[in-house]
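Inspection log for the structure reproduced underneath, given as structure tokens.
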Amino acid sequence: MERIGFGLIGGGWRAEFFLRIAEAMPERFAVKAIFVRDRGKADKLQEHWGIKTYTSFEEFTAACRNECSFAVVSVKRVVNAEFIEKLTEAGIPALAETPPADGAEGLLRLWERVGASAKVQIAEQYAFQPMHAARIRLARSGRLGEVSQAQVSAAHDYHGISLIRRLLGIGFENAVIRAQTFTSPIVKSPDRGGPPLSEELEESQQIIAMLDFGNKLGVLDFTGDQYFSWIREKRILVRGERGEIVNDEVSWLQSFDSPVYDKLRRIDTGHSGNLEGFHHKGIMGCGEWLYVNPHAPARLSDDEIAVAETLARMGDYVRGGPSFYSLAEGCQDHYLALEMQRAAASGVPVTTQTQPWASASAGGNV
């Protein structure tokens with residue numbers, strides 16, 4: 001398997017995912033160059049990771065042309081589009097973090113300037129997390145019949161909507177969106193900085209939205225606490241005419257009078273004396289492997305496995321392989337999320353409109 005060299009724009013919390021993955025899988029991935037604007041931060045990154053770090057974008061792109069298949073853009077959303085455009089102008093393929101631009105105007109401006117012709121993919125990783133990938137495969141298998149509803153309480157905004165679209169098999173269809181927010185108290189959860197140091201009550205912000213695509217319904221229910229909280233679980237419901245998935249439980253009709261019940265089983269090595277090493281192996285259910293971890297035996301979290309998959313697929317894409325999560329899809333999911341937030345703020349249903357990127361190929365079958 002060919003080693004993938006890539007450049008990295010950004011040095012924040014999310015950018016470190018790409019650095020950790022390359023460190024854990026040096027035979028598969030290599031960060032060849034890093035760009036950050038701040039000299040002090042650049043020096044710290046270079047010292048810590050041992051990777052040449054640039055504060056000149058021109059020098060960074062020159063290094064990328066020589067050593068990299070593509071560049072990852074992992075910066076704040078307000079400058080994401082700027083770097084996507086710059087890389088496109090420099091002729092360097094871009095794998096950009098979500099969302100690709102800040103607001104609706106930013107999405108339209110980015111699409112007008114870059115469009116479908118640029119070598120751009122979006123690093124939307126949630127559909128590649130093991131259990132989500134297994135659910136998506138099962139939803140598309142026909143075992144549940146035609147899937148008509150997906151309720152997702154696992155990720156916010158565009159991330160959650162990306163899962164809804166894939167579980168439902170939705171492309172760029174328009175929707176009527178109804179949404180509301182709800183605030184409730186919660187004992188403070190861990191965050192990016194680690195666990196709480198003392199008990200503290202804070203406000204938990206929840207959004208509940210229904211995206212009615214006509215014959216298919218998506219429901220997003222999420223609070224920001226769920227990413228780190230010890231007491232707020234993630235939930236998934238997928239309903240079809242012949243069966244449904246509720247988290248890791250599956251039920252379906254083998255025939256109209258013969259129900260079957262099963263469970264999605266996570267297989268990890270290294271437990272109970274197993275000597276294969278400690279890593280995630282895959283997800284089994286319905287008598288088959290619904291997901292096999294392509295990055296085993298690297299010791300990665302589920303989210304890191306998913307991010308590694310975006311890197312691997314980007315490597316294939318720049319060599320002529322298929323799109324896996326196009327700029328058009330990234331724009332659509334963020335557009336739907338923005339309209340969802342507008343519906344929640346106004347309390348009035350919002351009907352989405354067909355956007356310029358809808359004519360582009362959705363690509364990206366998981």
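The values are calculated or read from the model by the stated rules, or taken from the named source; none is laboratory data. Here the structure is a predicted model, which is why all the values come from computation and not from measurement. Virtual Cβ from ideal backbone geometry, glycine too; neighbours counted across all protein chains shown. Note: areas computed on protein heavy atoms with side chains; ligands, DNA, RNA excluded. Shrake-Rupley method; radii C 1.70, N 1.55, O 1.52, S 1.80 Å.
Given the protein chains as shown and a 1.4 Å probe, how many square angstrom of Phe228 are accessible, to the nearest 10?
Rounded to the nearest 10, that gives 80 Å².
Could you rank the peptides 268-280, 298-310 by their average count of other C-beta atoms within 10 Å per residue, with the highest value first? Can you show the working numbers first?
Details: 268-280: 11.7, 298-310: 20.1.
For the peptides 268-280, 298-310, the packing ranking is 298-310, 268-280.
Expressed as an acute angle from 0 to 90° and rounded to the nearest 10, what is the orientation of the C-alpha long axis of helix 302-318 relative to the principal long axis of the chain?
Taking the Cα atoms of the chain, the angle to 302-318 is about 60 degrees.
Compute the long axis of helix 77-90 from its Cα atoms, compare it with the longest principal axis of the Cα atoms of the chain, and write down the angle in degrees, 0 to 90, nearest 10.
For 77-90 against the chain, the angle is about 60 degrees.
Quote the charge dipole size of the chain about the Cα centre in Debye, to the nearest 20; the model charges only the Cβ of Lys and Arg (+1) and of Asp and Glu (-1).
So the dipole magnitude of the chain works out to roughly 520 debye.
Just want the answer: with Cβ charges of +1 for Lys and Arg and -1 for Asp and Glu, which residue in Ala312, Asn247, Trp13 is farthest toward the dipole's positive end in the chain?
Ala312
I'd like the carbon and sulfur percentage of the solvent accessible area for the chain, probe radius 1.4 Å, heavy atoms only, ligands and nucleic acids excluded. Each step should come with its number before you reach the end.
Values: 8330 of 16950 Å².
Here it works out to 49 percent.
Could you give the accessible area per residue of the chain, probe 1.4 Å, as a whole number in Å²?
46
Quick check: the angle from helix 327-346's long axis to the longest principal axis of the chain, C-alpha only, nearest 10 degrees?
Computed tilt is about 60 degrees.
Could you pull out every residue, at least 5 positions away or on a different chain, whose amide H is within less than 5 Å of the one on Leu290? Hs are placed 1.01 Å off N in the peptide plane, and Pro or chain starts have none.
Ile283, Met284, Gly285
For the chain, just give the cysteines left without a disulfide-compatible partner, judged by no other Cys Cβ under 4.7 Å.
When partners are defined as cysteine Cβ atoms under 4.7 Å apart, the chain leaves Cys286, Cys331 without one.
Under 24 Å Cα-Cα from Lys44, which lysines qualify once same-chain neighbours fewer than 8 residues away are excluded?
Straight-line reach from Lys44, under 24 Å: Lys32, Lys52, Lys76.
Which entry in (i) 20.5; (ii) 19.7; (iii) 22.7 matches mean projected area of the Cα convex hull in nm² derived from the coordinates of this structure?
(i)
Using the Karplus equation 6.51 cos²θ - 1.76 cosθ + 1.60 (θ = phi - 60°), what ³J(HN,Hα) coupling, rounded to whole Hz, does each residue of the stretch 9-18 give in order, writing x for Gly and Pro?
9, x, x, x, 4, 6, 4, 5, 4, 5
Report, in listed order, any pair from Lys86/Lys119; Lys234/Lys263; Lys41/Lys188 with a Cα-Cα distance greater than 19 Å. Display every interim value, and only then the final one.
Working: Lys86/Lys119 12 Å; Lys234/Lys263 17 Å; Lys41/Lys188 30 Å.
The answer is Lys41/Lys188.
Taking a ≥ b ≥ c as the square roots of the Cα gyration tensor eigenvalues, with a/c under 1.5 meaning rounded and otherwise prolate when a/b beats b/c, else oblate, which class fits the stretch 17-87? Don't jump to the answer; show the numbers that get you there.
On the way: a/c = 1.44, a/b = 1.25, b/c = 1.15.
Rounded.
Give, as a single signed number, the net charge of other residues whose beta carbon lies under 15 Å from the beta carbon of Ser198, with Lys and Arg counted +1 and Asp and Glu -1.
Result for the local shell: -3.
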